[in-house]
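Notes for the one structure printed next.
Values in this text are rule-based calculations from the coordinates and carry no lab data. Keep in mind the model is a prediction, meaning the values are calculated, not measured. As a convention, Cβ positions derive from the backbone with ideal geometry for all residues, glycine included, and neighbour counts pool all protein chains shown.
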Ligand code: SF4
């Protein structure tokens, strides 16, 4: 009979709680439909629940009728989307996580000071598109240590305006870096080290911009290594921080799977295993973890051990206009 070890902390972070509350309160206050640019958080269960209440998820602002209520997702948006929304007649709420907004402000500051900015992140992720869209002259993106060697200073980065780059090329070059908030802490450290080696004067945050929730959830999985022979992560495939949790265990040679919910558990995964670690990404609600525990117990698992972990007391306020309701 297997024991289930529940990681702590796991599941919802303060940014996700705030983003979901903004959509729910907007629905209560203004009624359906409420338009949300991109999945407000990367979780299928959460998004389906909000759709059922009247939220409409869109990628393109052209799909939002004039006068409608529009919410930006927790991942943030490029400046171009913000200005387009401001030009149109929307009632706008911003569910961008304040920790992502902090990185946006940093990019704007560095850009004004003439830095060439390197972003460490995953290509195509909406947070990366949003952060890279804060510098009108464009930024460079690196995903791996190998990408650092391929950087061409002075050449156009993603979204660069060639004229801006030409004028920059004649000036002494200053480099800075920022990171996606949901990276693997270990991978980011290696990439930062490679950047520092290649550009010794590069400036950046003390370590990285990885948020407290991502860091704490990865630490909680690391604390289970050596005590488990299987890890299940509750989270959607699109969730960056959930994928990184699975990788922490997989990189340590432990079988690890990402599941949206109990229905995706393959009983064959449990064969020969004695201690199952269970965690959840920052956008996965606890009800799904409960469902996974129940399913594991149906499949023969026994006791649940709740591990000790860092207490999180982070809270982000809602927009004032939604507080009064
Ligand atoms: S994972 Fe981190 S950055 Fe993303 S919403 Fe949560 S607290 Fe904010």
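Principal axes first, then extents: for the Cα atoms of segment 101-155, list largest minus smallest coordinate on each axis, whole Å, largest first.
For segment 101-155, the Cα spread along each principal axis is 28, 25, 14 Å.
Once the Cβ-Cβ distance between residue 287 and residue 91 is put in as r, and R0 is 35 Å, what FRET efficiency do you end up with, to the nearest 0.05?
0.70
Based on the Cβ-Cβ distance from residue 186 to residue 323, what FRET efficiency comes out when R0 is 56 Å, to the nearest 0.05?
It comes out at approximately 0.90.
Round to the nearest 10 and give me the degree value, 0 to 90, for the angle of helix 185-198's Cα axis relative to the longest principal axis of the chain.
With rounding to tens, the tilt is 30 degrees.
Going by Cα centres, segment 273-325 and segment 86-144 are how many Å apart?
30 Å
So, in nm, how far is label residue 275 from label residue 112 when the simple model puts each one 7 Å beyond its Cα toward the Cβ?
5.2 nm
Looking only at Cα atoms, what is the convex hull volume of segment 206-322 per residue, in Å³?
Normalising the Cα hull of segment 206-322 by residue number yields 144 Å³.
How big is the Kirkwood radius of the chain, worked out from every pair of different alpha carbons and given in Å to one decimal?
21.1 Å
Using Cα pairs under 8 angstrom and six or more residues apart, how large is the relative contact order of the chain, in percent?
Across the chain, relative contact order equals 26 percent.
For the chain, what does the helix formula give at 222 nm: sum of -39500 (n - 2.57) over DSSP H segments with n ≥ 4, over the residue count, nearest 500 deg cm²/dmol?
-11500 deg cm²/dmol
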